């Protein structure tokens, strides 16, 4: 029986990589509107949001097959020990589940210390950067993970060699889908037990964070900002806010996906909280820039000291690392007196 796992989008901004990682980083930036890039296409334009895996108990456990976001069947003939990851999102999933020694290549963004959640792994194991097909194929990989936002020519070239290449839908809009994709990655890599443990950890910590709001407590009105773009409905941020018991001000204002909004509109919406991001150590500068705008300075969020500035690594992850954002927002909203809330 083929299980259907519904996967959608959250869109993480990626900083420009070093020259050697330019191609990989450019691919990731296709999914980066919060950093100022406009989302030109709907999530459905990046392929199927259904990930289909065969989880039936069979002996032997191989071959394993899955249908990816391009509706192509990917067949893994046996255990894998040489894995290539082409995007920030697949990097984060794989490092959460498989042995880091099995990752031979990763995205250029993995090496960007200010924005990478997996920098400690790449600094220790030094995988190469999956910047072009030739470099990837010289590694003789067993399995390649690419993002649904990846360049079609890159994907076509590696697929034509016969190497199993799984194009993972990475436009998440739902925390449950993030959890479900853990199981899908574990199935393909053969790391079933590690994936089950990681999914259980994710769901347990998520439940704890979502339980911090006192029943009957007023719903906080929250605006998420990435540069001049705000988060509307059909985003992972929207799902996080709603599950935390809040109101996503952007969605309330009619925004779908990610749209640029002016400060006058923000003042009219008058959010109680503003959530944004900055490089590590730059939270005060980011907060000061917002407060320098006269309209934003008049919002309830500004007047009550409710502008939360998280590291880029926290706000823009779309993987098991998304828990960092959920936990941080829950602590700020419900875990301590509001007057003490500040940046992370």
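The values are calculated or read from the model by the stated rules, or taken from the named source; none is laboratory data. What you see is a predicted model, and the numbers here were worked out from it, not measured in a lab. No Cβ is skipped: glycine too gets one built from the backbone with ideal geometry, and neighbour counts run over all protein chains shown.
Couple of notes before you dig in:
- Residue check for residue 169: in contact with a helix residue (DSSP H, G or I) (Cβ under 8 Å, 6 or more places away or on another chain) and crowded, with 17+ Cβ neighbours inside 10 Å: yes
- Of the residues contained in the stretch 256-267, none is found to be under 19 Å from residue 333 (Cα atoms) and outside the structural domain of residue 173 (by TED's automatic domain parsing).
- Of all residues in the stretch 137-182, those satisfying the criterion of being assigned to a helix (DSSP H, G or I) and under 14 Å from residue 74 (Cα atoms) are 155, 156, 158, 159.
- Condition met for residue 234 (within 16 Å of the chain's Cα centre (by Cα) and at positive phi): yes
- Residue check for residue 250: part of a helix (DSSP H, G or I), modelled with pLDDT of 95 or more, touching a helix residue (DSSP H, G or I) at 6+ places or on another chain (Cβ under 8 Å) and under 23 Å from residue 313 (Cα atoms): yes
- Only listed residue being under 24 Å from the mean Cα position of the chain (by Cα) and either exposed (fewer than 14 other Cβ atoms within 10 Å of the Cβ) or in contact (Cβ under 8 Å) with a residue 60 or more places away in the chain (or both), chosen from 243, 256: 243
- Residue satisfying all of: in the stretch 325-344; in contact with a helix residue (DSSP H, G or I) (Cβ under 6 Å, 6 or more places away or on another chain) and at pLDDT below 95; farthest from residue 235 (Cα to Cα) among these: 341
- Residues that are within 13 Å of residue 222 (Cβ to Cβ), over 18 Å from the mean Cα position of the chain (by Cα) and not in a loop (DSSP other than H, G, I, E, B), drawn from the stretch 259-293: 266, 269, 273, 274
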